[in-house]
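> Below you'll find the structure I mean.
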Amino acid sequence: MIDTDAPLDEEDLDPDPIAQFNDWFRLAAQVGELQPNAMALATVTPEGDPAVRMVLLHRADQQGFVFFTNYESAKARDLAARARGALAFYWPRLHRQVRVVGSVERTDREESLAYWAQRPCGNRIAAAASPQSRVLPDRALLEIEFARLERLYPEGPPLPDFWGGYRLRPDAIEFWQGRTHRLHDRLRYTRAADGWRIERLAP
């Protein structure tokens, strides 16, 4: 049984925020969060409007937080204009939240190829068939293109040039633990010249 009102104190934290994140991430999976890797990705449009959508985390390591998408999508256009982003994870069973902000860059093609190869065949066909974020007159056109690619590539299509990964390199990562009376614990790591600085924020 997980105590969802357990305090989060500075001495509880790993000095490395990525190690701390992965500890929480593993626990979220263990307690049965439906999609612990689901994260909200926030960007800014070229016009200056905020934009947010859910994407799936592939992994978090010392290089950053990696996700994959269509390079011609709305989010990709946002990141081409301003290569900054923010992530938010929420795990209600644990009453925990993690927020991340930082710069965003594309992964190299080898990394995208390795991930593409392990995706289910149908997911690869769908990714290749979809002109993501563009207006469609109806769903039938999408299904026709899916069927065409399925016939052409029964084992799955090769990685398209317009699809691949992004890596968000964090400048700050905040760990939020829900508490009773909404006196939540919030501890934020901020990147400094000599490593990471940890600060407590008011709820």
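> Out of the residues in the range 25-50 that are among the small types (Gly, Ala, Ser) and over 14 Å from the mean Cα position of the chain (by Cα), state the one that is farthest from Arg191 (Cα to Cα). Steps first, please.
Quick first cut of the range 25-50, residues among the small types (Gly, Ala, Ser) only: 28-29, 32, 38, 40, 42, 48.
Narrowing the set further to residues that are over 14 Å from the mean Cα position of the chain (by Cα) leaves 28-29, 32, 48.
Working: Ala28: 25, Ala29: 27, Gly32: 31, Gly48: 26 Å.
My answer is Gly32.
> Scan the range 4-27 and tell me whether some residue there is crowded, with 19+ Cβ neighbours inside 10 Å, of a type outside the set (Gly, Ala, Ser) and part of a loop (DSSP other than H, G, I, E, B).
So far as the range 4-27 goes, no, none of its residues is crowded, with 19+ Cβ neighbours inside 10 Å, of a type outside the set (Gly, Ala, Ser) and part of a loop (DSSP other than H, G, I, E, B).
> If only one of Arg167, Arg179, Arg188 is in contact (Cβ under 8 Å) with a residue 40 or more places away in the chain, in contact with a strand residue (DSSP E or B) (Cβ under 9 Å, 6 or more places away or on another chain), among the charged types (D, E, K, R) and under 27 Å from Phe67 (Cα atoms), which one is it?
Values: Arg179 fails: under 27 Å from Phe67 (Cα atoms); Arg188 fails: in contact (Cβ under 8 Å) with a residue 40 or more places away in the chain.
Step by step, each of Arg167, Arg179, Arg188 is checked, and only Arg167 is in contact (Cβ under 8 Å) with a residue 40 or more places away in the chain, in contact with a strand residue (DSSP E or B) (Cβ under 9 Å, 6 or more places away or on another chain), among the charged types (D, E, K, R) and under 27 Å from Phe67 (Cα atoms).
> Next question, about the same structure. Provide a single number: the residues in the range 109-121 that are in a helix (DSSP H, G or I) and either among the β-branched types (Val, Ile, Thr) or surrounded by fewer than 12 Cβ atoms within 10 Å (Cβ to Cβ) (or both). Outline the logic, then answer.
Looking only at the range 109-121, we keep the residues that are in a helix (DSSP H, G or I), and these are 109-118, 121.
Narrowing the set further to residues that are either among the β-branched types (Val, Ile, Thr) or surrounded by fewer than 12 Cβ atoms within 10 Å (Cβ to Cβ) (or both) leaves 110, 117-118.
Residues flagged as in a helix (DSSP H, G or I) and either among the β-branched types (Val, Ile, Thr) or surrounded by fewer than 12 Cβ atoms within 10 Å (Cβ to Cβ) (or both) within the range 109-121 amount to 3.
> A further question follows. Within the set of pairs 6 or more residues apart or between chains, which connect a residue that is in contact (Cβ under 8 Å) with a residue 24 or more places away in the chain inside the range 132-159 to a residue that is β-branched (Val, Ile, Thr) and surrounded by 12 or more Cβ atoms within 10 Å (Cβ to Cβ) with Cβ atoms less than 6 Å apart?
From residues that are in contact (Cβ under 8 Å) with a residue 24 or more places away in the chain, the pairs are Leu149/Ile125; Glu150/Ile125.
> Additional query: Is there a residue in the range 54-72 that is surrounded by fewer than 16 Cβ atoms within 10 Å (Cβ to Cβ) and hydrophobic (A, V, I, L, M, F, W, C)?
Yes, the conditions are met somewhere in the range 54-72.
> Output yes when any residue across the range 76-84 is buried (at least 17 other Cβ atoms within 10 Å of the Cβ), in a strand (DSSP E or B) and either of a type in the set (Lys, Arg) or over 15 Å from the mean Cα position of the chain (by Cα) (or both), and no when none is. Give the steps one after another, and end with the answer.
As a first pass, look at the range 76-84 and keep what is buried (at least 17 other Cβ atoms within 10 Å of the Cβ): 76, 78-79.
After this cut, where a residue has to be in a strand (DSSP E or B) as well, the list is none.
No; the residues of the range 76-84 include none that is buried (at least 17 other Cβ atoms within 10 Å of the Cβ), in a strand (DSSP E or B) and either of a type in the set (Lys, Arg) or over 15 Å from the mean Cα position of the chain (by Cα) (or both).
> On to the next question. Can you find even one residue in the range 133-150 that is surrounded by 14 or more Cβ atoms within 10 Å (Cβ to Cβ), at pLDDT 95 or above and either in a strand (DSSP E or B) or within 15 Å of the chain's Cα centre (by Cα) (or both)?
For the range 133-150, residues surrounded by 14 or more Cβ atoms within 10 Å (Cβ to Cβ), at pLDDT 95 or above and either in a strand (DSSP E or B) or within 15 Å of the chain's Cα centre (by Cα) (or both): absent.
> Does any residue of the range 172-180 turn out to be loosely packed, with under 15 Cβ neighbours inside 10 Å and at pLDDT 95 or above? Step through it out loud before you land on a result.
Initial filter on the range 172-180 (loosely packed, with under 15 Cβ neighbours inside 10 Å): 180.
Retained after the next criterion (residues that are at pLDDT 95 or above): none.
No, because not a single residue in the range 172-180 is loosely packed, with under 15 Cβ neighbours inside 10 Å and at pLDDT 95 or above.
> Give the range 122-132 a look and list any residue that's over 12 Å from Tyr71 (Cα atoms), surrounded by 14 or more Cβ atoms within 10 Å (Cβ to Cβ) and not small (Gly, Ala, Ser), or say none.
Listed by number, the residues that qualify are Arg124, Ile125.
The values are calculated or read from the model by the stated rules, or taken from the named source; none is laboratory data. The structure presented is a predicted model; accordingly, all values stated were derived computationally and were not measured. Using ideal geometry, Cβ is built from the backbone for each residue, glycine included, and neighbour counts are taken over all protein chains shown.
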